1. Can you sort 75, 97, 13 from fewest to most other Cβ atoms within 10 Å of each residue's own Cβ?
2. For the chain, modelled as a Gaussian network with Cα springs under 10 Å, which listed residue fluctuates most, 63, 35, 96?
3. Residues of the range 27-62 with the amide nitrogen closer than 20 Å to a label point 7 Å from the Cα of residue 74, along Cα-to-Cβ, please.
4. Testing the spin-label approximation: label points 7 Å from Cα along Cα→Cβ at residue 22 and residue 55. State their distance in nm.
5. Please give me the summed charge of the neighbours of residue 55: other residues whose Cβ is under 14 Å from its Cβ, Lys and Arg +1, Asp and Glu -1.
6. Give me the number: length gained by fully extending residue 42 to residue 7, i.e. 0.36 nm times residue separation minus the C-alpha to C-alpha distance, one decimal in nm.
7. Tell me the net charge near residue 91. Cut-off is 13 Å between Cβ atoms, residue 91 excluded, with +1 for each Lys or Arg and -1 for each Asp or Glu.
8. Starting from one equal scatterer on each C-alpha and no solvent at all, send me the Debye-based log10 I(q)/I(0) for the range 12-72 at q = 0.19, 0.27 Å⁻¹, two decimals.
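Rule-based calculations on the coordinates, nothing more; no lab input. Just so we're clear, the structure is a prediction, and the values are computed from it rather than from any experiment. All Cβ positions, glycine included, derive from the backbone under ideal geometry; neighbour counts span all protein chains shown.
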Amino acid sequence: MVFNTGAALLDAIVLAVVSKEEEGTYGYKITQDVRHAIDVSESTLYPVLRRLQKDGCLRVYDRECGGRNRRYYQITDPGSEKLAEYRLAWQDYSARISELFFEEKTEV
């Protein structure tokens with residue numbers, strides 16, 4: 001992608017991905033789902049997950065899977081509120097950018 005992805009947009013994308021699974025989802029699956037929208041490495045994503053956990057937006061728990069523990073991330077109520085804020089801000093932001101990019105100019 002030609003456009004850089006800022007921290008707030010990455011936070012919003014991760015919260016949106018995690019919110020789709022009521023019981024939460026694990027890091028590798030989050031990475032794969034995020035990659036459907038933007039190109040991001042696991043080394044970029046895990047600090048985002050830790051920051052969102054520290055900020056109270058995600059709850060982390062371990063679940064046994066194939067004889068090993070797998071770390072799951074689940075959105076919290078504050079995380080859902082933050083995601084709602086991000087969604088509103090994105091609607092406004094993307095509408096203004098789309099208007100600039102695609103607005104048909106009329107000659108006066």
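1. The fewest-first ordering by Cβ neighbours comes to 97, 13, 75.
2. 96
3. 27-31, 49-62
4. Computed distance between label sites residue 22 and residue 55 equals 2.6 nm.
5. Around residue 55, the charge tally is +1.
6. Values: separation 35, 0.36 × 35 = 12.60 nm, distance 1.47 nm.
In short, 11.1 nm is gained.
7. On the way: positive: 87, 96; negative: 85, 92, 99.
Computed value for this residue: -1.
8. Those come out to -0.68, -1.29, one per q.
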